[in-house]
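Below: the structure, in structure tokens.
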Amino acid sequence: MKPVRVIGAGMAGSEAAWTLAEAGVPVTIHEMRPETGTAAHETDGFAELVCSNSFRSDDHEHNAVGLLHEEMRRAGSLILRMADAHALPAGGALALDRTAFSRAVTEALTSHPLVTVERGELKGLPPEDWDSVIVATGPLTAPGLAGALGALTGEANLAFFDAIAPIVHFDTVDLSRAWFQSRYDKGDTEDERKAYLNCPMNRAQYDAFIAALIAAPKTEFHEWEKDTPYFEGCLPIETMAERGPETLRHGPMKPVGLTNPHDPQVKPWAVLQLRRENALGTLYNLVGFQTKMRHGAQLEVFRLIPGLEQAEFARLGGVHRNTFLNSPKLLDAEMRLKARPSLRFAGQITGVEGYVESAAMGLLAGAFAAAGRLGRPLAPPPVETAHGALLHHICGGASAELFQPMNVNFGLFPPLEAAPRGKRERAKVYTDRAKAAFESWRLAAGLGEPSRVEAL
């Protein structure tokens, strides 16, 4: 059997390759790192997390991304299995030890008997004799391939900037000012209820911080990049601050649900939260603090935050350019390029946003490609499911004229016939309906059989 080619070993590519191999289809993964690097990656490992280390909420009853986690687990997802194996306390979220997670995904794929890995950059379109290809090159698609795809489709690439949050060394945080607490003490265990470090600000401190943030020198873009929009779900903090002085304290710095044990009678005006970055607890990232400030300015501005006056940074923030297709116009219902159906796309390049959403589209691309190779028809997952809702969004549910990257959310699902009035009650009806529909589709698709991961 000829192999299916998977270009890119990020979240989507890794999930697609695993889905294919577990279905009995040989796979060749083409990964350009380390021979060719990117502006955001630091290693040559598969499924490297380059922005946050969080898969967001793991609540599969009341949250759309938690539901997506549950569907992927049921379908035998490699990414979710390894995420669960290397999870960190995060107050109801699924946060990972990114180094251990990437290492485990890499080892699982490279040890699979049906997976071959070839390192090196593909500088243009795949050869014509590659009859089944999954392009999962993500938002940092190399210029040669991106240009070739643009020429093939006749579409100008849509692009936006994504910003990376800084990481600090835990032992340099002043715990006489910061404290451990998840918002509203959320979590079933003590670790979960204390999953975040909180740094409080009074009004004067917050105002001084906002002023310094806006005044700080920022990364300069090339002339051709200056009109490229940001994705709204990952705005740099200085961009948010420029929208108004109250924006941050109603966003990533909101003080609600938190009580400062050092001064419990005084309500903080704003709070910065830090989330554990690794299993050892030696590193914490600044939640929601993506930035395009220059590195020297970051040190000055972030050390204005109470508790971080002496902080040492393991990594400072940065900015990289992201590219995605106008998928509603260019892709068919199985994520194949209409102009060349041998090319199937998966992950962020299709216009989904987020680690989990990218991996989920990799799972679907792998399932479609496996079904094609094995001569077994496979219907798309029902639109009532999280997978189906995302697929519908990128392959026709969204307007081609207004298409923008999207995280999974209940707004992508078909409306409920009789919706309960309460938000949590409505969410539960959505998730119950989705799980039933997904289970039927999963069984028909033959996904979720016992996996080799358990033996690794």
For a quick check: with amide H placed at 1.01 Å from N, whose amide H comes under 5 Å from Val117's, ignoring anything fewer than 5 positions away on the same chain? Ile29
Helix 11-22 sits off the longest principal axis of the Cα atoms of the chain, rounded to the nearest 10 on a 0 to 90 degree scale, by 40 degrees
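Please give me the summed charge of the neighbours of Pro420: other residues whose Cβ is under 11 Å from its Cβ, Lys and Arg +1, Asp and Glu -1.
Details: positive: Arg421, Lys423, Arg424, Arg426, Lys428; negative: Glu425.
For residues surrounding Pro420, the net value is +4.
Could you sort 64-72, 322-330, 300-308 so that the peptide with the highest average Cβ count within 10 Å comes first and the rest follow in order? Spell out each step's value before the answer.
Working: 64-72: 25.9, 322-330: 21.6, 300-308: 19.9.
Ranking, from highest mean packing down: 64-72, 322-330, 300-308.
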For segment 391-431, dividing by residue count, accessible area per residue (probe 1.4 Å) in Å² works out to 61 Å²
Classify segment 375-436: rounded, prolate or oblate, from the alpha-carbon gyration tensor (a ≥ b ≥ c, eigenvalue square roots; a/c under 1.5 rounded; otherwise prolate if a/b is larger than b/c)? oblate
Label-point separation (nm) for Ser111 and Val429, each offset 7 Å from Cα along Cα-to-Cβ? 4.7 nm
Mind giving me the nanometre distance, one decimal, between the label points for Glu242 and Glu192, set 7 Å out from Cα along Cα→Cβ? 4.0 nm
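Compute the length gained on full extension between Glu35 and Lys2: take 0.36 nm times their separation in residues and subtract their Cα-Cα distance, giving the result in nm to one decimal. All intermediate terms of the calculation are to be shown ahead of the outcome.
On the way: separation 33, 0.36 × 33 = 11.88 nm, distance 2.60 nm.
Length gained between Glu35 and Lys2: 9.3 nm.
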Between Ala151 and Lys329, what FRET efficiency comes out of the Förster formula 1/(1 + (r/R0)^6) with R0 = 22 Å and r the beta carbon distance, rounded to 0.05? 0.90
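Can you send over the carbon and sulfur percentage of the accessible area for the chain, probe radius 1.4 Å, protein chains only?
Values: 9790 of 18680 Å².
Solvent-exposed carbon and sulfur of the chain make up 52 percent of the total.
Relative to the present Cα-Cα distance, how much length would full extension add between Ala279 and Glu309 at 0.36 nm per residue of separation? Let's see the in-between values first.
Details: separation 30, 0.36 × 30 = 10.80 nm, distance 2.46 nm.
Result: 8.3 nm gained on full extension.
Place the peptides 84-90, 387-393 in order of packing, highest mean first, counting for every residue the other Cβ atoms within 10 Å and averaging per peptide.
Working: 84-90: 19.6, 387-393: 26.0.
Result, highest mean first: 387-393, 84-90.
Please give the per residue accessible area of segment 90-213, computed with a probe of 1.4 Å over protein heavy atoms only, in Å². Write down the numbers at each step before the final one.
Values: 5260 Å² over 124 residues.
Here the residues of segment 90-213 average 42 Å² of exposed surface.
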Which sequence of Tyr230, Tyr184 reflects their accessible areas, 1.4 Å probe, from the largest down? Tyr184, Tyr230
Among the listed pairs Lys123/Lys329; Lys338/Lys423; Lys292/Lys338; Lys194/Lys423; Lys267/Lys428, give every one whose C-alpha distance is greater than 28 Å. Lys338/Lys423; Lys292/Lys338; Lys267/Lys428
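If we sort 432-440, 412-420 on the protection proxy, mean other Cβ atoms within 10 Å, highest first, what's the order? It would help to have the intermediate numbers written out before the result.
On the way: 432-440: 17.7, 412-420: 12.1.
Packing proxy ranking, top to bottom: 432-440, 412-420.
Can you figure out the FRET efficiency of Arg376 with Glu61, using R₀ = 35 Å and their beta-carbon distance, to the nearest 0.05?
Working: r = 33 Å, r/R0 = 0.93.
Efficiency, from the Cβ-Cβ distance: 0.60.
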With each run of n ≥ 4 DSSP H residues scored as -39500 (n - 2.57), what mean residue ellipticity at 222 nm is computed for the chain after dividing by its residue count and rounding to the nearest 500 deg cm²/dmol? -9000 deg cm²/dmol
I'd like the Karplus ³J(HN,Hα) series for segment 300-307: coefficients 6.51, -1.76, 1.60, θ = phi - 60°, whole numbers in Hz, and an x wherever there's a Gly or Pro. 5, 6, 5, 7, 7, 6, x, x
Give me, ordered by chain and number, the residues 5 or more places off Phe55 or on other chains with an amide H under 5 Å from its own placed amide H. Leu94, Ala95, Leu96
Counting each pair of different Cα atoms once, what's the Kirkwood radius of segment 327-421 in Å, rounded to one decimal? 13.7 Å
Segment Asn202-Ser342, length gained on full extension (0.36 nm per residue, minus Cα span): 44.6 nm
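The values are calculated or read from the model by the stated rules, or taken from the named source; none is laboratory data. Since the structure is predicted, the reported quantities are computational estimates derived from the model, not experimental observations. All Cβ positions, even for glycine, are placed from backbone atoms using ideal geometry, and neighbour counts span all protein chains on display. Side chains are part of the model used for accessible areas, which takes the heavy atoms of the whole protein and leaves out ligands, DNA and RNA. Shrake-Rupley method; radii C 1.70, N 1.55, O 1.52, S 1.80 Å.
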